[in-house]
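Input: a single structure, listed below in structure tokens.
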Amino acid sequence: MASSVGILTGGGDCPGLNAVIRAVVRSSDAAGWDAVGVLEGWRGLVDGTFRDLGPPEVSGILPRGGTIIGTTRTNPFKLDGGVEKVLRNFADRGLDALVAIGGEDTLGVAARLYKEHGFPVIGVPKTIDNDLSGTDYTFGFDTAVTIATEAIDRLHTTAESHNRVMVVEVMGRHAGWIAVMSGIAGGADVILIPEQPVDFEAVAHGIRSRHARGKNFSIVVVSEGCELPGLEDTGERDQFGHVTLSHRGVGELLGREIEQRTGFETRVTVLGHVQRGGTPTSRDRVLATRYGLKAAELAQTGQFGQMAALRGDDIVAVSLEEATAELKTVPPEWYAVAQAFFG
Ligand code: F6P
């Protein structure tokens, strides 16, 4: 009987997931392995829901956003008997290896299953937030930055025409990578990220002095995960304990503060899931494809507890434990690049 590799996508979806799935399936097929999609993240292993994947099933999915096998934020460690069900369903389906494609949460579960149960798992680093350690870049990030940059470019012309301040809220739960990169690329006048404390008066001062120099509009980019003075915790949490950020209203609060403090008319745009949907950039398609091939190779050679990673221009294997030990946040030297153009 042929060996079988399971493929799972967990956490928030992101452009390039289907490109990874395609690469794992094609590579497995070429090596004489069967591939099986685990449906809706870790929930598929808890519930035992699968779908066979061969070359016909992955034909044409390379440029498609989202994931053909679905995703959830299920955490088996938080469910009664969840881990036992994962192990049992994996064995009952006759799987020999699992490729888990995800961010800190999905890969955190993978790392724990490997460490505590010797579970034969390989990781692939996915997230538009780019906050996973062990890899230079996650796939999906380039697409999100491209979409956010285009939005900032569009907001520039309307801001300029109306003499307005435009606040752009971008995604980024714990790390401000999307805000910093799209803000630098789009020429933002202020960029606020979770790694840096926010002082409303300093923001207002920067905008006032810019306008005093004759610039009658400003672009402010803010990460949705920013801690703002006076912002209430909504109390909503997912199975990994994360606050539901979409209801916090970071952009709205910031916009109100700027308008009150400067007297300049201010509008707020929340980009939200537009940053995660649709077709991946060519850079993300290539990165996702390379990650998929590496993950399949690691599965076929039994190198478990590893994650495919980008180092420089090379795809290498790093330990899942190292990759999930701590988040990769924006270091001060990157923020300094953005700051050089503030005000
Ligand atoms: O983790 C990726 C991410 O897009 C974050 O940037 C964002 O905070 C979160 O997911 C949003 O999650 P959801 O799709 O569940 O609203």
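Principal axis analysis of the Cα atoms in the chain yields extents of 74, 39, 30 Å, listed in decreasing size.
Could you look at the stretch 238-297 and say what percent of its accessible area is carbon and sulfur, using a 1.4 Å probe and all protein chains? Looking at the stretch 238-297 in its full context, I get 52 percent from C and S.
Out of every Cα-Cα pair in the stretch 194-343, what percent are more than 28 Å apart? List each step's numbers first, then the result.
On the way: 4801 of 11175 pairs.
When every Cα pair of the stretch 194-343 is considered, 43 percent fall beyond 28 Å.
Under a 5 Å amide H cut-off, with hydrogens placed 1.01 Å from N, GLY54 pairs with nothing among residues at least 5 apart or on other chains. Measuring between their Cα centroids, the stretch 105-166 and the stretch 235-280 lie 16 Å from each other. With a cut-off of 15 Å on the backbone N, no residue of the stretch 207-232 is near the modelled label site 7 Å out from ALA336 along Cα-Cβ.
Note on exposure: TYR335, TYR114 ranked by accessible area (1.4 Å probe, complete protein assembly) read TYR114, TYR335, with the most exposed listed first.
Remark: the stretch 333-343, residue by residue, has Karplus-estimated 3J(HN,Hα) of 5, 6, 5, 5, 4, 5, 4, 4, 10, 6, x Hz, where x stands for each Gly or Pro and the curve is 6.51 cos²θ - 1.76 cosθ + 1.60 at θ = phi - 60°.
In this structure, the amide hydrogen of VAL222, modeled 1.01 Å from its nitrogen in the peptide plane, lies closer than 5 angstrom to those of VAL168, GLU169, VAL170, LEU192, counting only residues at least 5 positions away or on a different chain.
So what is the accessible area of the chain per residue, in Å², with the probe set to 1.4 Å? Intermediate results must be reported in sequence, preceding the final value.
Details: 13930 Å² over 343 residues.
Accessible area per residue: 41 Å².
For the stretch 306-315, backbone phi angles converted through the Karplus equation (6.51, -1.76, 1.60; θ = phi - 60°) give residue-by-residue couplings of 10, 10, 5, 9, 9, 10, x, 10, 9, 9 Hz, Gly and Pro being listed as x.
Classification of the stretch 52-132 by its C-alpha gyration tensor yields an oblate form. The axis ratio a/c (a ≥ b ≥ c) is 1.5 or more, and b/c is at least a/b. Helix 141-162 versus the longest principal axis of the chain: what angle, 0 to 90°, nearest 10, using Cα atoms? That works out to roughly 20 degrees. Taking the chain as a Gaussian network of alpha-carbon nodes connected by springs under 10 Å, the highest mean-square fluctuation of the residues ILE101, ILE315, ILE69 belongs to ILE315.
In the chain, the longest principal axis of the Cα atoms and the axis of helix 177-186 are about 50 degrees apart. Once you sort the root eigenvalues of the Cα gyration tensor of the stretch 1-136 as a ≥ b ≥ c, which label holds: rounded (a/c under 1.5), prolate (a/b larger than b/c) or oblate (the other case)? Note, shape of the stretch 1-136 comes out oblate. Averaging the sequence gap over all C-alpha pairs within less than 8 Å and six or more residues apart, then dividing by the number of residues, gives the stretch 131-222 a relative contact order of 36 percent. Once a ≥ b ≥ c are taken as the square roots of the eigenvalues of the Cα gyration tensor of the stretch 1-77, is the result rounded (a/c under 1.5), prolate (a/b larger than b/c) or oblate (a/b not larger than b/c)? Verdict is oblate for the stretch 1-77. Taking a straight line from the alpha carbon of LYS294, these lysines sit under 23 Å away, with near neighbours fewer than eight places off in the same chain left out: LYS115, LYS126, LYS328. Using a Gaussian network model of the chain in which every pair of alpha carbons under 10 angstrom is joined by a spring, one finds that among ARG237, ARG285, ARG173 the greatest mean-square fluctuation is at ARG237. Calculated mean residue ellipticity, 222 nm, the chain: -12500 deg cm²/dmol, from DSSP H runs (n ≥ 4) at -39500 (n - 2.57) each, averaged per residue and rounded to 500.
Hey, can you rank 130-138, 272-280 by average C-beta count inside 10 Å, highest first? Present the calculation step by step, with values, prior to reporting the outcome.
Numbers: 130-138: 22.2, 272-280: 16.9.
Result, highest mean Cβ count within 10 Å first: 130-138, 272-280.
Between ALA202, ALA35, ALA185, the GNM of the chain built on Cα springs shorter than 10 angstrom shows ALA202 fluctuating the most.
Relative to the dominant Cα principal axis of the chain, helix 282-300 is inclined by about 30°. Here the Karplus relation 6.51 cos²θ - 1.76 cosθ + 1.60, evaluated at θ = phi - 60°, turns the backbone of the stretch 2-12 into coupling constants of 5, 6, 10, 10, x, 10, 9, 10, x, x, x Hz, with x for every Gly and Pro.
The values are calculated or read from the model by the stated rules, or taken from the named source; none is laboratory data. A quick note: this is a predicted structure, and the numbers were derived from the prediction, not measured. Counting neighbours? That spans all protein chains shown, and the Cβs are built from the backbone with ideal geometry, glycine included. These area figures cover heavy atoms from the full protein model, side chains too; ligands, DNA and RNA do not enter into them. Shrake-Rupley method; radii C 1.70, N 1.55, O 1.52, S 1.80 Å.
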